[in-house]
1. Express the Stokes-Einstein translational diffusion coefficient of region 44-90 in µm² s⁻¹, to the nearest whole number, given a Kirkwood radius over alpha-carbon pairs, 20 °C and a viscosity of 1.002 mPa s.
2. Under 20 Å from a point placed 7 Å out from the Cα of residue 28 along the Cα-to-Cβ direction: which residues of region 46-75 have their backbone N that close?
3. Hey, with R₀ at 25 Å, roughly what FRET efficiency would residue 108 and residue 58 work out to, going by the Cβ-Cβ distance, to 0.05?
4. For residue 95 and residue 127 in one chain, what is 0.36 nm times their gap in residues minus the Cα-Cα distance, to one decimal in nm?
5. If I model a spin label at residue 51 and residue 120 as a point 7 Å from the Cα along the Cα→Cβ vector, what separation in nanometres do I get?
6. Working from Cα positions, state the angle (0 to 90°, nearest 10) between the long axis of helix 60-71 and the longest principal axis of the chain.
7. Obtain the radius of gyration and the Kirkwood radius of region 1-74 from its C-alpha atoms and give Rg over Rh.
8. Counting each DSSP H run of 4 or more residues in the chain as -39500 (n - 2.57), what helix-only mean residue ellipticity at 222 nm follows after dividing by all residues, to the nearest 500 deg cm²/dmol?
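Read the figures in this text as sums done on the coordinates, not as results from a lab. As the structure is a computational prediction, the values presented were derived from the model and not from experiment. Note that each Cβ is placed from the backbone with ideal geometry, even for glycine, and that neighbours are counted across all protein chains shown.
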């Protein structure tokens, strides 16, 4: 079965992002596939490269990056949600004349069309957070 995930909550508040990560790992361990993870609203904060996680806590950004790298999963940040929160890739930083990228390299910024495509391509679209 092919799954896509929609993550709505920030890794810094609540457990929605971590629950989504654990769900993705369990799905893969059962032999299923994750097509895409789409981060919307506060969920885009999972893709920031500028946050510092305390040593005794799980770094959700790195965990998502590790999972995406090992399983070829697309990690997509909603462009409007990302821009509102200061998350910029190289293209957006140049467009808005900002000096630095703030998105982790494992994540990409794109529009809601990627969420629609994920829902059409996948057997299930699971939502986490709210």
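1. Here the translational diffusion coefficient equals 183 µm²/s.
2. From region 46-75, the list is 46-49, 58-75.
3. After rounding to 0.05, the efficiency reads 0.65.
4. Value of the extension gain: 8.4 nm.
5. That separation, rounded to one decimal, is 3.2 nm.
6. 60
7. Looking at region 1-74, the ratio lands at 0.95.
8. It comes out at -10500 deg cm²/dmol, rounded to the nearest 500.
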